[in-house]
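Each value in this text was obtained by applying a stated rule to the coordinates, not by laboratory testing. Every value quoted in this text rests on a predicted model; they were computed, and no experiment measured them. Cβ: placed from backbone, ideal geometry, glycine included. Neighbour counts: every protein chain shown.
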Amino acid sequence: MLDPRLLRAFTAIVDAGSFTLAAERLHMTQSTISQQLARLEDAVGAALIERSARPVGPTAAGERLLGYARRLLTLQQEAQAALGDPAGTAAIRIGVPEDIVNAEMAKTFSDFARRHREIRLDVTAGLSRELTRRYRGGEFDIAIVKENKPAPDCRAAFQEPMAWFESADAPSDWPDPLPLVAFPPGGLYRETMFERIEREQRRWYVAFAGSSLHNVLVAVEAGLGLSLLPVGAAQKYHVRHYAPFGAETAMAVSLYSWENAGAVCELVNAMQVVLAARAATHGAGQEAT
């Protein structure tokens with residue numbers, strides 16, 4: 001491996017055309033820079049500088065090495081600069097349901113990142129029960145989850161209006177048994193759907209299961225079946241309320257964080273503002289915490 005100090009001495013001699021000027025530019029003696037060049041020549045097994053020329057210049061071997069030397073020195077400078085820059089060296093791990101990361105939340109993340117270049121935001125979207133499990137297991141610093149009732153340690157909770165939806169082009173009467181569009185087993189809405197439809201004493205079957213809120217809404221929009229969904233999430237889709245089932249109990253959108261100070265707390269407070277605005281848009285209020 002070639003010593004960067006020796007490469008720097010070599011390129012300085014070529015650029016200056018003189019051992020004396022090169023030594024001055026590198027703030028060393030002429031004897032020292034000559035010794036460094038000699039060590040480099042020993043390492044590569046060839047003379048690199050034509051010493052008899054005026055100004056001095058590279059030999060044929062020196063010309064071949066020069067381009068590589070400059071690239072190696074540039075890479076060294078870039079590596080030193082990268083390691084000296086703290087940007088992205090710390091992480092805040094965040095778990096959220098996919099529909100929570102809207103334009104306002106993304107802007108909150110962007111504004112925070114500009115103020116804290118040293119922090120990287122690792123955001124994971126998923127189903128609320130899985131996010132809760134991972135938060136309780138210490139995998140997230142911050143989590144937003146949807147649940148029937150917020151836990152005592154939540155930082156804030158907002159009501160999420162829920163309703164049954166069908167395609168806007170659905171027929172007036174659904175067949176018996178009712179086709180349902182649901183999340184996979186373990187999904188929060190799935191179990192609530194089944195409990196409600198059992199209370200209605202209706203026969204049913206799962207016609208489509210999707211792992212994301214978008215997939216479920218697209219399936220409802222296409223007429224595959226009925227589904228219980230957040231009112232706010234359904235607004236941009238070609239769906240309508242399924243009137244026969246009437247009103248549904250709201251769920252909670254709960255915000256959790258392990259830390260109560262520092263940059264994490266700053267981000268939590270900003271995220272809470274976004275959730276409050278989202279709840280106001282959807283016609284729901286904040287729950288007491």
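A few comments on the model shown:
- Cα→Cβ-extended label distance, 7 Å offset, between residue 98 and residue 280, nm: 2.9
- Normalised contact order of the range 87-289, rounded percent, pairs of Cα under 8 Å and 6 or more residues apart: 31
- Here the spin labels are modelled as points 7 Å beyond Cα on the Cα-Cβ line, and at residue 260 and residue 18 they lie 7.0 nm apart.
- For the listed peptides 150-156, 242-248, a ranking on the average number of other beta carbons within 10 Å per residue, highest first, reads 150-156, 242-248.
- Over the chain, DSSP H runs of length four or greater, each weighted -39,500 (n - 2.57), average out per residue to a 222 nm ellipticity of -13500 deg cm²/dmol.
- On the principal axes of its alpha carbon atoms, the chain extends 102, 41, 30 Å, with the longest extent given first.
- Listed residues 152, 77, 254: farthest to the positive end of the dipole of the chain (Cβ charges): 77
- Rounded to the nearest 20, the Cβ-based charge dipole of the chain about its Cα centre (Lys and Arg +1, Asp and Glu -1) stands at 800 debye.
- Positive-end residue of 269, 242, 197, charge dipole of the range 87-289 with Cβ unit charges: 269
- Furthest towards positive pole of dipole, 180, 132, 121, structure part the range 111-211, Cβ charges: 121
- Centre separation in Å (Cα based) which lies between the range 142-193 and the range 21-37: 75
- Shape analysis of the range 124-247 places it in the prolate category; the axes a ≥ b ≥ c from the Cα gyration tensor give an a/c of at least 1.5, with a/b above b/c.
- Of all DSSP-defined beta bridges confined to the chain, some 60% are antiparallel rather than parallel.
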